[in-house]
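A.B. asks: For reference, the structure I am asking about is given below.
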Amino acid sequence: MINLEVCANTLTSALAAQEGGAIRVELCDNLGEGGTTPSYGQIKLARKMLHIKLYVLIRPREGDFLYSDTEFEIMKTDVQNCIDIGCDGVVIGILNPDGSVDTKRCAEPVKMATDKGLGVTFHRAFDMCNDMDKALEEIIAIGCERILTSGGRSTAIEGANVIAHLLKKAAGRIIIMPGSGVSESTVADLIHYTKAKEIHSSARG
C-alpha cells in the first residue's frame with residue numbers, strides 16, 4: 001500500500017486531494033515560492049472540512065531556512081495555532097548557516113507538537129544540508145516522524161539513488177518520503193526504484 005500526501009495551497013485543492021484519495025494534505029500558501037504558512041482561517045476551515053490528516057507548513061517566508069529570532073517566535077506561535085485548531089501535524093525545517101540542521105531550534109517546535117500528539121515532518125530544507133547522512137540521524141534524534149526529500153536534486157526521480165540510500169540507512173526509524181516533480185508518469189518508477197511507501201506530490205495537473 002502506497003500512501004499519497006498532496007501539497008495543497010488552497011482549501012479547494014485540499015478538498016480535491018481528499019476526493020482523489022490522498023491520505024494526508026500538507027496545507028501551505030504561496031506554493032509557487034516554495035510554500036509558506038497558510039492563514040489561520042484557511043487552516044481552521046481545512047480542519048473543519050477535511051476528514052483525512054492535515055499537516056501545516058510552518059515557514060514564515062520564502063527564501064532560505066535561516067531564521068531570525070522574531071521569525072522563530074512566529075514559527076512557534078504558528079505551531080501552537082495548529083495544536084489549538086486540532087491539526088494532525090506540522091511541517092518544519094531550520095538550518096544553520098553552514099548547511100547543518102539547527103537541532104537546538106528545531107527541537108523546540110517538534111517537542112511542542114509531539115507533546116500534544118501531533119506528528120512532525122522535516123521538509124525539503126533537508127535537501128540543502130551539507131551532510132545528509134548526519135542530518136538524517138539528527139532529525140531522527142529530534143523526534144521527527146518523516147523527511148520530505150528529493151534526494152538533494154531538483155526532482156525526486158533525479159535524486160532516486162540518494163533517496164534509496166536514505167531509506168536503507170533509515171532502516172524503518174523514520175519515514176523517507178520522496179517529493180518534487182512526482183507525477184503520474186514518474187511515480188511508478190520512483191516507487192519501484194526507491195521502495196518508498198509514502199509519496200508527496202502537488203498534483204497540479
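The values are calculated or read from the model by the stated rules, or taken from the named source; none is laboratory data. From a predicted model like this one, the values you see are computed outputs, not experimental measurements. Here Cβ is always computed from backbone atoms with ideal geometry, including for glycine, and neighbour counts include all displayed protein chains. Quick note on the areas: whole protein, heavy atoms, side chains included, nothing else; ligands and nucleic acids left out. Shrake-Rupley method; radii C 1.70, N 1.55, O 1.52, S 1.80 Å.
A.B. asks: Does V6 qualify as being open to solvent by less than 50 Å² (accessible area, probe 1.4 Å), touching a helix residue (DSSP H, G or I) at 6+ places or on another chain (Cβ under 6 Å) and either among the aromatic types (F, W, Y) or in contact (Cβ under 8 Å) with a residue 60 or more places away in the chain (or both)?
C.D. replies: Values: open to solvent by less than 50 Å² (accessible area, probe 1.4 Å): yes; touching a helix residue (DSSP H, G or I) at 6+ places or on another chain (Cβ under 6 Å): yes; either among the aromatic types (F, W, Y) or in contact (Cβ under 8 Å) with a residue 60 or more places away in the chain (or both): yes.
The answer is yes for V6.
A.B. asks: Output the number of residues of segment 173-190 satisfying the condition of being over 16 Å from M1 (Cα atoms) and modelled with pLDDT of 95 or more. Even if it seems obvious, please write down each step before you answer.
C.D. replies: Residues of segment 173-190 over 16 Å from M1 (Cα atoms): 173-174, 179-186.
This time we only want the ones that are modelled with pLDDT of 95 or more, so: 173-174.
Selection size over segment 173-190: 2.
A.B. asks: May I pose another question? Name the residue, out of V187, V162, V110, that is among the β-branched types (V, I, T), in contact with a helix residue (DSSP H, G or I) (Cβ under 9 Å, 6 or more places away or on another chain) and either closer than 18 Å to A8 by Cα or open to solvent by 20 Å² or more (accessible area, probe 1.4 Å) (or both). Even if it seems obvious, please write down each step before you answer.
C.D. replies: Working: V187 fails: in contact with a helix residue (DSSP H, G or I) (Cβ under 9 Å, 6 or more places away or on another chain); V110 fails: either closer than 18 Å to A8 by Cα or open to solvent by 20 Å² or more (accessible area, probe 1.4 Å) (or both).
The match here is V162.
A.B. asks: Go over the candidates T37, T12 one by one and state the one that is surrounded by 15 or more Cβ atoms within 10 Å (Cβ to Cβ) and either without any contact (Cβ under 8 Å) to a residue 24 or more places away in the chain or touching a strand residue (DSSP E or B) at 6+ places or on another chain (Cβ under 9 Å) (or both). Show your work before the answer.
C.D. replies: On the way: T12 fails: surrounded by 15 or more Cβ atoms within 10 Å (Cβ to Cβ).
Matching residue, one of T37, T12: T37.
A.B. asks: Under 8 Å between Cβ atoms, at least 6 apart or on separate chains: pull out the pairs that start in segment 158-169 with a residue that is within 18 Å of E145 (Cα to Cα) and at pLDDT 95 or above and end on any residue that is among the β-branched types (V, I, T) and in a helix (DSSP H, G or I).
C.D. replies: Qualifying pairs under 8 Å: I163/T194; A164/T194; L167/T194.
A.B. asks: Find all pairs meeting these conditions: Cβ atoms under 6 angstrom apart; at least six residues apart or on different chains; first residue within segment 46-69 and of a type in the set (K, R); second residue modelled with pLDDT of 95 or more and not in a loop (DSSP other than H, G, I, E, B).
C.D. replies: Sorted first by the residue in segment 46-69, then by its partner, the pairs are R47/L54; R47/I85; K53/R24; R59/T36.
A.B. asks: Report, by residue number, each residue of segment 113-148 that is in contact with a strand residue (DSSP E or B) (Cβ under 8 Å, 6 or more places away or on another chain), more than 22 Å from K169 (Cα to Cα) and open to solvent by 20 Å² or more (accessible area, probe 1.4 Å).
C.D. replies: Across segment 113-148, the qualifying residue is only T114.
A.B. asks: Looking at (1) within 30 Å of T12 (Cα to Cα); (2) of a type outside the set (A, V, I, L, M, F, W, C); (3) out of contact with any Ser or Thr (no Cβ under 7 Å at 6 or more places or on another chain); (4) touching a residue at least 12 places away in the same chain (Cβ under 8 Å), find the lone condition where R173 falls short.
C.D. replies: (1)
A.B. asks: Checking the condition in contact with a helix residue (DSSP H, G or I) (Cβ under 9 Å, 6 or more places away or on another chain), of a type outside the set (S, T, Y) and surrounded by fewer than 18 Cβ atoms within 10 Å (Cβ to Cβ), which residue from I94, I43, I83, I23 passes?
C.D. replies: Numbers: I94 fails: surrounded by fewer than 18 Cβ atoms within 10 Å (Cβ to Cβ); I43 fails: surrounded by fewer than 18 Cβ atoms within 10 Å (Cβ to Cβ); I23 fails: in contact with a helix residue (DSSP H, G or I) (Cβ under 9 Å, 6 or more places away or on another chain).
Exactly one of I94, I43, I83, I23 is in contact with a helix residue (DSSP H, G or I) (Cβ under 9 Å, 6 or more places away or on another chain), of a type outside the set (S, T, Y) and surrounded by fewer than 18 Cβ atoms within 10 Å (Cβ to Cβ), namely I83.
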